[in-house]
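Written out below as structure tokens is the structure these notes cover.
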Amino acid sequence: MLKKNKELAKIFERMADILEFLGENPFRIRTYRRVATLIEELPEDVETAFYTRKLHHMSGIGESTLLKIEEYLKTGTIKKYEELRRMVPEDLLELLDVPGVGPKTLKIAYEQLGIKTKQEFIEALKKGRFNKVRGFGPLKAMKILKGLEIWEKSKERIALVEAYPMAQDVVEYMKRLKVIDNISVAGSIRRMKETIGDIDILVSANKEHWKEIHEHFVKYPEITEVLAKGETKSSVILKSGRQVDLRTVEPESWGAALQYFTGSKQHNIRIRDIAKEKGLKVNEYGVFKADTEERLGGRTEEEVYNLLGMQWIPPEIREDWGEIELALEHKLPRLVELKDIKGELHMHTTWSDGVNSLEEMVETAYKLGYQYIVIGDHSQSARVANGLTPERYKQQWKEIERLNKIYNPKGFYILKGAEVDILPNGSLDLPDEILEQFDFVVASVHSRFEQDNTERIIKAMENPYVNMIGHPTGKQYGYREGYPVDINKLIEVAKETGTALELNTQRMDLSPENVRKCMEAGVYIGIVTDAHSARQLHLLHIGVGLARRGWATPDKVINTFKLEKLREFVMAKRRKFAKA
């Protein structure tokens, strides 16, 4: 994880927030927000990008901004930022992270209601003081209170998409020690749970090296506090506020410990019950005969499950959701894997609200080994995202055609796509005569999240040119819980119409529970990053993990299809509706 990039991006974002709060120059506010996005999405460390002068050639980063970046790299802060912070109560600034609270809302609270602290702000919402403010009714106050609730919950647990790279950074740091035999994340991260509390890491090594391993662990640069340091377990707090626990076991216990510290509580109870029925005992040290304590195995997870007469169970489904019964019968399905994925179905470029150009996104996807990608920039209703009109799509198609002449001979194909808005009445933001010319169309709801959007989405699915519904429940962890929608009805209609539902890696929508419903109903899903930068294209493995947690099989994931089969998926729906 690129820590400096994230910290510096946050500083520029905060400066923009404060300037907006103060009613300053809108141009400068937009500039700072653009710089924040550019820095956060840099694929390399901002310091490297600065001193190799890459930043100097990036559009949107001027001389004044470069001086501020240089100041941060040398001092760890920016003088202008510190000056701005003193102009606004610090306690209020924290509220800018709350969904639904922006600089304008805080300005109203500060200037019209005299609010200076977070607690005063919350009390004013609850007591209806904002109701007296023009354009700020009870409904908006309720939405902000809901946002506060979501925000508080998100501080207790963080999204997998944020926790996973955090854990991998620790693992990579620990791998520098050559005395380690095996190392892995465990717990809820290994099960690819949507949200994470603490991070668990397991190491196997000869006992003589344990002290060295824990000494190395507590020297990890991102630690703010060491809670405990031992020779079998150490616990630390990272700068992000997350707790990381490191455990060491001997190599002969590696598989047993990894199984024990990965499975959910319910899964592990069932495993121990099955062991008892067979006259065995299973714990983090191995598998033993219950009466004689004779050790039978535990070096690998496969060995543990095999001794119990079971298939090895993929970590993502170790929840006691029926996986144990199927493993005993050796009938577990083969879950989708990253190597099955042939292409990416949903991404954005600088044509709409992306950070990287179409060519940069194409080259990154090509290097990832994909066979095809769908360029899916926003349609015209998404004005805040610089959505494309039909005329601009036609201009984009010319660039896609140019790039295809370069990449098609290499076996890589760029498909013309769009993320078209589903309007409030269920109609689409582009006419059918334009939609018909796309290779693949994603349709998404981007407005009126408070209304039940079931019928709205169903109407969109009944359009012959819509191939996938983007983020179908509207959920975005830590920001939005999602709009009211009957997901069971959507799955039913998706099956009837031949429309896929999207598993959006960054939003974590669909949930694993809903993915499993899709699998059981025979409904196709697409696993996407919804990348707005080249760097985000690398997140697809997390989406695959979420899909595996929902028991997704490769035959029901449309981006496991080869290009010809994906085209047939698109055309089959068009033919179906042409006959109707």
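Can you name the residue in the range 462-493 that is outside any loop (DSSP other than H, G, I, E, B) and under 25 Å from the mean Cα position of the chain (by Cα) and, of all such residues, is farthest from Lys576 (Cα to Cα)? Walk me through how you get there before you give the answer.
Of the residues in the range 462-493, the ones outside any loop (DSSP other than H, G, I, E, B) are 468-469, 476, 480, 487-493.
Among the residues that remain, those that are also under 25 Å from the mean Cα position of the chain (by Cα) are: 468-469, 476, 480, 487-488, 490-491.
On the way: Met468: 16, Ile469: 18, Gln476: 33, Arg480: 36, Ile487: 23, Asn488: 22, Leu490: 18, Ile491: 18 Å.
Within the range 462-493, the match that is farthest from Lys576 (Cα to Cα) is Arg480.
Can you tell me which of Glu450, Glu399 is closer than 30 Å to Lys562 by Cβ and either among the hydrophobic types (A, V, I, L, M, F, W, C) or touching a residue at least 12 places away in the same chain (Cβ under 8 Å) (or both)?
Glu399
Which of the residues belonging to the range 414-433 are farther than 17 Å from Ile457 by Cα and crowded, with 19+ Cβ neighbours inside 10 Å?
Ile414, Leu415, Lys416, Gly417
Could you look through the range 96-130, keep only residues that are in contact (Cβ under 8 Å) with a residue 40 or more places away in the chain, in a helix (DSSP H, G or I) and not aromatic (Phe, Trp, Tyr), and pick out the one that is nearest to Ile150 (Cα to Cα)?
Applying the filter and picking the extreme gives Asp97.
Which pairs have Cβ atoms under 6 Å, sit 6 or more apart or on different chains, and link a residue in the range 203-216 that is closer than 18 Å to Tyr285 by Cα to one that is of a type in the set (S, T, N, Q)?
Listed pairs, sorted by first residue: Val203/Thr248; Ser204/Asn182; Trp210/Thr248.
Please verify whether the range 111-131 includes one or more residues that are under 15 Å from Glu152 (Cβ atoms) and polar (S, T, N, Q).
Yes, the conditions are met somewhere in the range 111-131.
Of (1) surrounded by fewer than 18 Cβ atoms within 10 Å (Cβ to Cβ); (2) modelled with pLDDT of 80 or more, Gly135 satisfies all except one. Which?
Status for Gly135: all satisfied but (2).
Considering only the range 545-556, I want to know if a residue exists there that is surrounded by 19 or more Cβ atoms within 10 Å (Cβ to Cβ) and among the β-branched types (Val, Ile, Thr).
No, the conditions are met nowhere in the range 545-556.
Just to check your reading of the model, which residue among Ala124, Ala163 is hydrophobic (A, V, I, L, M, F, W, C) and within 30 Å of Gly545 (Cβ to Cβ)?
Result: Ala163 is the single residue among Ala124, Ala163 that is hydrophobic (A, V, I, L, M, F, W, C) and within 30 Å of Gly545 (Cβ to Cβ).
If a residue has to be in a strand (DSSP E or B) and surrounded by fewer than 19 Cβ atoms within 10 Å (Cβ to Cβ) to count, how many in the range 147-182 make the cut?
1
For every residue, the table says whether it meets (1) surrounded by fewer than 12 Cβ atoms within 10 Å (Cβ to Cβ); (2) under 30 Å from Leu42 (Cβ atoms).
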position	(1), (2)
Leu55	no, yes
Gly76	yes, yes
Arg86	yes, yes
Val98	no, yes
Ala109	no, no
Lys116	no, no
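Looking only at the range 494-535, which residues are more than 22 Å from Glu481 (Cα to Cα) and at pLDDT below 95?
Ser533, Ala534, Arg535 - these are the residues of the range 494-535 that are more than 22 Å from Glu481 (Cα to Cα) and at pLDDT below 95.
If you go through the range 213-222 one residue at a time, do you hit one that is at pLDDT below 95 and surrounded by 13 or more Cβ atoms within 10 Å (Cβ to Cβ)?
Within the range 213-222, one or more residues are at pLDDT below 95 and surrounded by 13 or more Cβ atoms within 10 Å (Cβ to Cβ).
Quick check: is even one residue across the range 264-284 within 16 Å of Arg318 (Cα to Cα), crowded, with 16+ Cβ neighbours inside 10 Å and in contact (Cβ under 8 Å) with a residue 60 or more places away in the chain?
Yes, the range 264-284 has at least one match.
Please work out which residue is surrounded by the fewest Cβ atoms within 10 Å (Cβ to Cβ), limiting yourself to the range 187-212 and to residues that are part of a helix (DSSP H, G or I) and of a type outside the set (Lys, Arg). Quick ask: steps written out before the conclusion?
Step one: of the range 187-212, the residues part of a helix (DSSP H, G or I) are 187-190, 207-212.
Those still in the list that are of a type outside the set (Lys, Arg) too: 187-189, 208-210, 212.
On the way: Gly187: 21, Ser188: 20, Ile189: 24, Glu208: 8, His209: 18, Trp210: 18, Glu212: 14.
So, considering only residues that are part of a helix (DSSP H, G or I) and of a type outside the set (Lys, Arg), the one surrounded by the fewest Cβ atoms within 10 Å (Cβ to Cβ) is Glu208.
The values are calculated or read from the model by the stated rules, or taken from the named source; none is laboratory data. Quantities reported herein were computed from a predicted structural model and do not represent experimental measurements. Glycine also receives a Cβ, built like all others from the backbone with ideal geometry; neighbour counts cover every protein chain displayed.
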